[in-house]
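Just so it is clear, none of the values below were taken in a lab; they were calculated from the coordinates. These numbers were taken from a predicted model, which means no experiment stands behind them. For neighbour counting, all protein chains shown are included, and Cβ atoms are generated from backbone atoms with ideal geometry for every residue, glycine included.
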Amino acid sequence: MAEISRDDVANLARLARIDMAPAELDHLASELGVILNAVARVQEVAGQNVPPTSHPLPLQNVYRKDEVTPSLTPEAALSAAPASEEQRFKVPKILGEEA
Amino acid sequence: MSLKYEDVIAKYEPVLGLEVHVELGTASKMFCGCNTIFGAEPNTQTCPVCLGLPGALPVVNEKAIEYTIMIGLALNCSIAPFSRFARKNYFYPDMPKNFQTSQYDEPICINGFLDVEIDTDEGIKKFRVEIERVHMEEDTGKSLHMGGATGRIHGADYSLLDYNRAGIPLVEIVTKIVPGTGKYAPEVARAYVAELRDILRSLNVSDVKMEQGSLRCDANVSLRLIGSDVLGTRSETKNVNSLRSVERAVRGEMIRHAELLNKGERVVQETRHFQEDTGLTRSGRSKEQAEDYRYFPEPDLVPIVPDATWIETLRAALPEKPSTHRKRLQEAWSVPDKEMASMINADVLEIVEATVNLGADPAKARGWWLGEIARIANEKDVTAADLPITPKDVAEIVALVAAGELTDKLARQVIEAVIAGEGRPSEVIETRGIKVVSDDGALMAAIEKAIAAQPEVAEKVRGGNLPAAGALIGAVMKETEGQADAAKVRELLLKHLGQ
């Protein structure tokens with residue numbers, strides 16, 4: 001049985017920058033638990049010799065040549081941006097972090 | 001009053017770790033075909049893939065993988081038979097996708113080493129820097145923070161993003177902890193980055209310009225009490241944009257840590273930003289709380305399983321190692337160890353070599369770059385390579401001196417003028433009217449004038465007192481404003497006085 005606690009949900013919410021009310025945390029903890037349990041059933045059928053799958057298709061080494069292809073125009077690139085200035089994407093004040 | 005470096009190393013042992021990011025010199029980006037030209041107009045090199053638009057599918061640039069394997073091989077790494085990309089999730093607008101495509105627990109190259117040498121009072125010392133991993137990722141966009149006075153995030157009202165750089169292939173090279181460097185930690189850090197840069201340049205995989213950010217170094221430093229095996233808390237210094245800064249940043253952090261520890265305070269685990277002007281660091285992001293990037297395998301990119309023959313073909317084609325190349329140059333030029341080390345330390349070896357390749361005598365080329373030009377560079381607090389004088393200029397000056405058309409003194413004037421932006425050597429000589437006065441008539445006139453002014457000295461010389469001629473030669477040099485060849489003046493003068 002996979003368990004997900006209220007604290008786990010609170011931490012995920014913080015990491016995902018989603019503001020959640022206390023009631024929502026309780027609610028989601030039980031809902032996410034159900035989802036996890038459903039997915040965890042896969043583990044019951046996978047043997048020791050089956051590695052976790054990240055890609056469903058048996059493909060590897062898919063490459064492209066190092067060739068330049070046309071980019072978008074800056075107008076097109078910025079067309080869906082909520083705001084722009086000086087041909088750049090404009091974003092609200094960045095809080096509390098510096099890269 | 002800050003603590004003296006000697007006091008720091010008398011009590012503490014530095015523990016060093018270095019992370020170097022290198023932008024690869026591919027024509028197109030890591031996962032899309034956008035151009036990678038530095039300094040292009042903002043947002044002219046973007047597409048749905050690097051802007052993270054819905055439904056866009058990335059595809060790996062084969063050249064970038066090839067370059068990364070070459071770097072791994074040159075650093076004596078094992079190449080992983082299987083590796084994957086992962087999503088590193090974080091919230092910062094420098095990546096429009098809200099994650100960076102990187103590698104997590106399966107890097108392409110692991111477990112290598114790089115040997116570096118530093119010149120010390122106790123002779124040349126060799127250190128082995130072990131490489132933990134070399135992995136692939138993508139560079140981020142560039143932010144401008146607007147509205148604040150400082151251009152920094154704090155105090156800014158909003159930020160502007162240019163995603164031309166987002167998605168340019170980036171390789172991260174991470175060392176293991178470098179033990180046993182003792183007081184030489186700053187020099188070892190610098191020598192490592194310098195050697196790494198030379199290797200990357202020889203591989204031709206990056207233009208390795210620290211000032212443009214295509215080679216960036218993060219220096220991790222912690223201190224432990226000598227004799228103790230308890231590691232101290234580390235700080236991670238970013239924004240270190242030159243070899244000299246690498247050395248200054250490590251030394252500065254060692255002193256800062258020691259001051260805190262001596263006062264009984266603790267070192268905060270955080271990123272620090274190096275300040276080029278003061279050589280100090282300022283506090284950045286705290287790393288006290290464990291970061292959680294929620295890495296998971298990138299579903300849109302399939303695993304990399306490099307073919308063994310591909311790896312061996314790349315290995316066989318590796319260029320001569322910079323260290324071997326240096327040994328060969330040293331022999332060819334017959335340069336003593338000490339002077340070789342001076343050239344490496346002043347970072348002029350490559351320009352000296354370029355100057356020699358343009359026909360200059362190695363000793364002369366070395367003399368100018370390590371002498372007059374290094375002196376001016378020092379005065380301006382930059383490196384010789386940053387000055388606006390080229391190997392071609394110096395080769396031209398060396399040739400003019402050899403042909404007797406410039407004296408060393410005039411050559412120095414020409415060098416100063418070239419650096420001051422007065423043009424190429426030939427232009428400087430032309431505009432300033434610099435030339436060696438070799439016209440015997442003009443020299444004889446000056447000699448006769450000097451003799452007339454100091455007849456008693458001339459008499460001494462006639463009488464066989466040759467050292468006395470110095471005063472007359474000096475007068476002639478003054479009269480010709482230093483443009484005469486002193487040896488020629490001496491010859492004419494002595495002949496004229498019957499010697």
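When a/c is below 1.5 the answer is rounded, else prolate if a/b is larger than b/c, else oblate, so apply that to chain A with a ≥ b ≥ c taken from the square roots of the Cα gyration tensor eigenvalues. The shape class here is oblate.
To the nearest 10 degrees, how steeply does helix B:469-479 sit against the main Cα axis of chain B, on a 0 to 90 scale? The helix B:469-479 is inclined about 70 degrees to chain B.
Of the residues B:58, B:461, B:254, the one whose Cα sits farthest toward the positive end of the charge dipole of chain B, with +1 on the Cβ of Lys and Arg and -1 on the Cβ of Asp and Glu, is B:254.
Using 12 Å as the cut-off for backbone N distance, which residues of the range B:270-296 belong to the label zone defined by a point 7 Å from the Cα of residue B:228 along Cα→Cβ? No residue passes the distance filter.
Counts of other chain beta carbons within 10 angstrom of each beta carbon in peptide B:299-306 average 4. By the Cβ rule of 4.7 Å, chain B holds the following cysteines without a possible disulfide partner: B:32, B:34, B:47, B:50, B:217. Ranking of A:89, B:99 by neighbouring Cβ atoms within 10 Å, starting from the fewest: B:99, A:89.
First measure r as the distance between the Cβ atoms of residue B:76 and residue B:453, then evaluate 1/(1 + (r/R0)^6) with R0 = 60 Å and state the FRET efficiency to the nearest 0.05. My answer for the efficiency is 0.25.
Calculate, in nm to one decimal, what residue A:27 and residue A:46 gain on full extension: separation in residues at 0.36 nm each, minus their alpha carbon distance. Difference between extended and current length: 3.8 nm.
3J(HN,Hα) along the range B:305-319: 10, x, 5, 4, 5, 4, 4, 5, 5, 5, 4, 5, 8, 4, x Hz, from the Karplus curve 6.51 cos²θ - 1.76 cosθ + 1.60 with θ = phi - 60°, whole Hz, x for Gly and Pro. Taking a point 7 Å out from the Cα of residue B:445 in the direction of its Cβ, the residues of the range B:461-499 whose backbone N falls within less than 12 Å of it are B:480. Each part gets one Cα centre, and for the range B:395-435 versus the range A:1-75 those centres are 67 Å apart.
Here's how it looks for residue A:84: its modeled amide H is under 5 Å from those of A:90, which are all 5 or more places away or on a different chain.
Shielding value for B:17-29 is 1, the average number of Cβ atoms from other chains within 10 Å of each residue's Cβ.
Our summary gives chain B a relative contact order of 14 percent, counting only alpha carbon pairs under 8 angstrom and 6 or more residues apart. Shape of the range A:8-65 from the C-alpha gyration tensor: oblate (a/c of 1.5 or more and a/b not above b/c, with a ≥ b ≥ c the square roots of its eigenvalues). To the nearest ten degrees, helix B:62-74 and the longest principal axis of the Cα atoms of chain B are 70 degrees apart. For the range B:356-459, a/c is not less than 1.5, where a ≥ b ≥ c are the root eigenvalues of the C-alpha gyration tensor, and a/b tops b/c. That puts it in the prolate class. Each Lys or Arg adds one and each Asp or Glu takes one away; over the other residues whose Cβ falls under 15 Å from the Cβ of residue A:9, this sums to -4. Along the axis of the charge dipole computed for chain B (Cβ charges of +1 for Lys and Arg, -1 for Asp and Glu, origin at the Cα centre), the listed residues B:34, B:80, B:316 are led at the positive end by B:80.
Measuring nothing but how far apart in sequence close Cα pairs (under 8 Å, 6+ apart) lie, relative to its length, the range B:302-435 scores a relative contact order of 18 percent. Arranged from fewest to most other beta-carbon atoms within 10 Å of their beta carbon, B:91, B:127 become B:91, B:127. The residue list B:345, B:304, B:357 was ranked by how far each Cα lies along the charge dipole of the range B:278-380 toward its positive end, using unit charges on Cβ atoms, and B:345 comes out on top. Per-residue ellipticity at 222 nm, computed for chain B from helices alone with -39500 (n - 2.57) per DSSP H run of at least four residues, works out to -11500 deg cm²/dmol. The range B:30-99 and the range B:179-220 have Cα centres spaced 22 Å apart.
Excluding residue B:186 itself, what net charge comes from residues whose Cβ is under 12 Å from its Cβ, given Lys and Arg +1 and Asp and Glu -1?
With Lys, Arg at +1 and Asp, Glu at -1, the neighbours total +2.
Under a point spin-label approximation (7 Å from Cα along Cα-to-Cβ), what is the residue B:19-residue A:7 distance to one decimal in nm? My value for the distance between the label points is 2.7 nm. Over chain A, dividing the summed -39,500 (n - 2.57) contributions of all DSSP H runs of at least 4 residues by the number of residues returns a 222 nm mean residue ellipticity of -12500 deg cm²/dmol.
For residue B:86, the residues whose amide H sits under 5 Å from its own are B:102, B:103, B:104, B:298, ignoring neighbours fewer than 5 places away on the same chain, with H placed 1.01 Å from N.
Counting only alpha carbon atoms, the long axis of helix B:243-262 and the longest principal axis of chain B meet at about 60°.
Normalising the average separation of contacting C-alpha pairs (under 8 angstrom, six or more residues apart) by the number of residues puts the relative contact order of chain A at 19 percent. Look at the stretch B:93-106: the mean tally of other chain Cβ atoms within 10 Å of its residues' Cβ atoms is 1. A full extension of the chain between residue B:266 and residue B:130 corresponds to an added length of 46.1 nm, given 0.36 nm per residue minus the alpha carbon distance.
Between residue B:435 and residue B:382, the modelled labels are 3.2 nm apart [label points 7 Å from Cα along Cα→Cβ]. Other residues with beta-carbon under 10 Å from the beta-carbon of residue B:424 carry, at +1 per Lys or Arg and -1 per Asp or Glu, a net charge of -4.
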